[in-house]
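Asker: Handing you this structure, nothing more for now.
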Amino acid sequence: MKRLSLALGALALATVCAQTSKADTFSFSFTGSSFNGAGTITATEEGNTNVYDITGITGTTDGHSISGLLSIGTFDNNDNKLYDPGTGFFGNQSFDASGLSYTLSNGDDVNIGAGGFLDLQEIANLDPTHGRDVTETVDIDVSKTSSTSPVPEPGSLALLGTGILGAAGAIRRRLMA
């Protein structure tokens, strides 16, 4: 009975820890009068919320390659999240006021997000600390290009292992009886 209790406890723990994550890929582009950009965003959905944590970015902005994603809170209090990509409230607005921030190969930092009157416009900013201070209204287009299948987390593998052990124990018990 003690072993059964331990096995059920392990199974419950494995079930609680079992989660899947999937990486989705989105293309993005924006065009303004002073600068423009395009590229690919890699993001992971937070559960089934249609809110994505951005984990990577590649592409170009203003003719310079994107070097990488800036840490959260680095530029314009960025949160590096996508919201309802491609299906936003007013057209394709996929960022909040905090937006997505990244750095370019020439050292410029860029933030794209919502802004203007009631945050109903989409804006792009170049960080003034690197020489250019540009904030302009742009049209940001984000669309999903691919979705990978769920990747099992260690908790899922533990759940599978305890299931196999439980089945082996049940078979052994029947054979011994």
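Asker: Please find, among Pro128, Pro85, the residue that is surrounded by fewer than 16 Cβ atoms within 10 Å (Cβ to Cβ) and at pLDDT below 80. If you could, list the steps in order and put the result at the bottom.
Answerer: Numbers: Pro85 fails: surrounded by fewer than 16 Cβ atoms within 10 Å (Cβ to Cβ).
Exactly one residue qualifies, and that residue is Pro128.
Asker: Using the structure shown, decide if Asp119 is among the charged types (D, E, K, R) and at pLDDT below 85.
Answerer: Working: among the charged types (D, E, K, R): yes; at pLDDT below 85: yes.
It is true that Asp119 is among the charged types (D, E, K, R) and at pLDDT below 85.
Asker: Something else now. List pairs: first residue in segment 152-168 and more than 22 Å from Ala23 (Cβ to Cβ) and of a type in the set (Ser, Thr, Tyr), second residue in a helix (DSSP H, G or I) and at pLDDT below 75 anywhere in the structure, Cβ distance under 6 angstrom, at least six positions apart or on different chains.
Answerer: That search, which allows pairs on different chains as well, returns Thr162/Ala10; Thr162/Leu11; Thr162/Ala14.
Asker: Among the candidates Asn36, Asn78, single out the residue that is open to solvent by less than 20 Å² (accessible area, probe 1.4 Å), under 15 Å from Asp108 (Cβ atoms) and touching a residue at least 24 places away in the same chain (Cβ under 8 Å). Full working, then the answer.
Answerer: Details: Asn36 fails: open to solvent by less than 20 Å² (accessible area, probe 1.4 Å).
That would be Asn78, the only listed residue that is open to solvent by less than 20 Å² (accessible area, probe 1.4 Å), under 15 Å from Asp108 (Cβ atoms) and touching a residue at least 24 places away in the same chain (Cβ under 8 Å).
The values are calculated or read from the model by the stated rules, or taken from the named source; none is laboratory data. Since the model is a prediction, treat every value here as computed from it, not as a measurement. Note that each Cβ is placed from the backbone with ideal geometry, even for glycine, and that neighbours are counted across all protein chains shown. Surface areas here come from the heavy atoms of the whole protein model, side chains and all, with no ligands, DNA or RNA. Shrake-Rupley method; radii C 1.70, N 1.55, O 1.52, S 1.80 Å.
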